[in-house]
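The values are calculated or read from the model by the stated rules, or taken from the named source; none is laboratory data. Keep in mind it's a predicted model, so treat the numbers as computed, not measured. Cβ: placed from backbone, ideal geometry, glycine included. Neighbour counts: every protein chain shown. Surface areas here come from the heavy atoms of the whole protein model, side chains and all, with no ligands, DNA or RNA. Shrake-Rupley method; radii C 1.70, N 1.55, O 1.52, S 1.80 Å.
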Amino acid sequence: MSSISAASQGRPQTLLALLIACCVGIAGGCSSDGDGGKDSGAAADTSADGLLSDASADSTSDGVGSNDGTADGTVDGGGPTPSPAFAAGCPTPGKSMVRKLTSKTERFEGPASLAAPGDWMLANEKAAFVIKSPTETEQTYFYYGGMLVDAVALNGCSQAAPERFGELPMLIGEINIASFATTVLRTFHGASAEVIADGSDGGAAVLRVWGDDDLFWLVELALVKQAYLEGKPHPISAPLGVKLALDYTLEPDRAVLRVDLVVINQTATPRELHVGAAAFMDDSTEQQVWAGGKFSAGGFTLRTGLPWITGSAVDGAIAIAVDSSNLSTAHISGVDALVPFDQLAEPLKIGAKGGGADQDQQTLWIAVGKGDSDTAVAELEGIVIGGASWSGFDVVGKVADAANVGVAARIELQRRTKAGEWGVLLSTRADATGAYAMRVPRVGAKGDLRLVAIASGRALSEAVAVDISVDGATPVVLELAVGPAGALGHSVFDQHGNGIPARLTLVGDGASAGSGGLEFATGGKGDWPVAPGTYTLHVTRGYTYRPFVTQVTVAPNVTTPVEAKLEKVVDTTGWMAFDGHVHAAPSPDSAVPLAMRYRSAAAEGLEIIVHTEHEIIMDPEPARQASGVAAWLTVMVLLVMCG
């Protein structure tokens, strides 16, 4: 490794209020409704004495091209519109760049975009990454600067996908597997930033953020609380006595950011420390975590053997991996704490200050893709993960029904664990013609990988085995067959014939046993894609309406109608149904999208709900209007401060 020297009642509406609440862990806390690195890639240039060189920081060229759109096919030539983030200039072909943002308009489009003046951007023609300013922090769930907050795939000067990254604070501490609640996990607190290499010479662009370890209150209070419950109380953690350097490196023409956290001992006592990260995936992505195993430690579940974790949507994805090891992860108070699995047995060993081994580092990789999770994972090919540099091969094919008509579908690449359980490793999408293509990693043993197609309103396809022993010289063709489509046309109304919101639950009967689903009627008629079969249908609306139960057979290739009349049996005149503590996806301890939360609330008969989201000021009105139940539900917003 390279050495570093430390130098009101009425029409339903949205009401906004602010509540500052102290969520002290030992008192009960904020509730939840959910549950040394080796160099395997190109690093920054080093000088003869082994120190990372900063000579290029004074280069007269900044690796920034014209902002006229010529880098990506141009607006003049009919190409995509350049992103506002590149108002000061597009990435130069074949080069990476790093620069400080100066305008509020320099930001990417997407639900999780956090870029602001003072932040730092590293970019090339394939990807861009934004590092929160160490001195001008704002709009982040976690309040320390120096962390990665935006990551987006590019086509030259234009976005190839919306910005959906979330945030990635780095972690450092001492993990105690025997008594996990006594674990110390602190985080990186940036103090200053400097450009080590600007990329103008065709090499990597490198940004270094100097900082210290600091309190990671969200995790800290959860651990302190659990330790107290176990009869092992301990105080809030103290500084670890280290200096930290966080290097962000972006090579030209790669959609992967290298993140190196270097730990430098500032004490005369050797240290053994664990280094990792905390993943805050954005609400708009689906997190995929394949774990080879898991075990319980002090009230927490640790998942192990993860090659990567992903956050994906149809139009963009992120993948996070650690260098030379698999990941382990623990879900703590809504935070996914990620630590290299190897470090659980052998943490970083850092010698006393001034010695030859007074520093060590851990490397993470952050990849972005233009589609589902497979596109981000493919960018990690060639990186050492789990002790080996993985390679892949191409699989192509078609998803079709019995008449060979192509069907749009989600395709999961599933991997079997040693316990024989199947989990999602990554996923892709088949288009409207049923065509799909996927880069499959050579992982596991023969027989451990399979493909399954999931199409709306159809039974799952039969699993198709993926043979990892193929030479990969040509794409492997695998066809996936799905059954016929079905749909349930539902109409839910009260005893007066008025359409009302309701909860619909299907439970499979006979040959359909094990299948079923959940849907929310929004106050009238609707169509629900359901695989053909026989089911028991339960229609409910909270505690004040008599449930409606019937058996229904969904026929293939038609919409099967069903009418449900719900009789109100409790007189609530003069009263309103109210829930004063509701979490949704804006909080890290809930994955329920806002519109879905509103539909579910209205379906249960609630008339007022109060958001108690953590550390975020949000506007729920767009989601409330889009939910279909705005006429039934009033929403209040409270800001809960935990600390």
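The modelled label-to-label distance for the pair GLN551/ASN176, using points 7 Å beyond Cα in the direction of Cβ, is 5.8 nm.
Here the label points at LEU344 and VAL507, each 7 Å from Cα along the C-beta direction, are separated by 3.7 nm in the simple model. Around the Cα centre of the chain, unit charges on the Cβ atoms of Lys, Arg, Asp and Glu (plus for the first two, minus for the last two) sum to a dipole of about 1540 debye. Taken over the chain, the alpha-carbon convex hull comes to 183 cubic angstrom per residue. Each residue, GLN287 and MET618, gets one label point 7 Å from its Cα in the Cβ direction; the gap between the two is 1.5 nm. Counting each DSSP H run of 4 or more residues in the chain as -39500 (n - 2.57), what helix-only mean residue ellipticity at 222 nm follows after dividing by all residues, to the nearest 500 deg cm²/dmol? It comes out at -1500 deg cm²/dmol, rounded to the nearest 500.
Once the C-beta distance of ASP579 and ALA403 is scaled by a Förster radius of 35 Å, the resulting FRET efficiency is 0.15 to the nearest 0.05. Here the gap between GLN495 and LEU229, fully extended at 0.36 nm per residue and compared with their Cα-Cα distance, gives a gain of 90.7 nm.
Which parts of the range 578-603 would a label at THR544 reach, counting a residue when its backbone N lies under 11 Å from a point 7 Å out along Cα-to-Cβ? Under cut-off, by backbone N: 578. Pairwise Cα distances in the range 542-643 exceed 16 Å in 65 percent of cases. The local environment of GLY605, defined by Cβ-Cβ distances under 10 Å, has a net charge of +1 under the rule Lys, Arg +1 and Asp, Glu -1. Share of carbon and sulfur in the accessible area of the chain stands at 53%, probe radius 1.4 Å. Amide H contacts of ASN155 (H built 1.01 Å from N, in plane; Pro and chain starts excluded): ALA160 sit under 5 Å, all sequence-distant by 5 or more or on other chains. Taking 0.36 nm per residue of separation and subtracting the Cα-Cα distance, full extension of the segment from ASP253 to ALA445 would add 65.9 nm. Accessible area per residue for the chain, computed on protein heavy atoms with a 1.4 Å probe, is 40 Å².
Restricting the range 137-217 to GluC sites (Glu not before Pro) that sit in a DSSP loop and have at most 16 other Cβ atoms within 10 Å of their own Cβ leaves GLU138.
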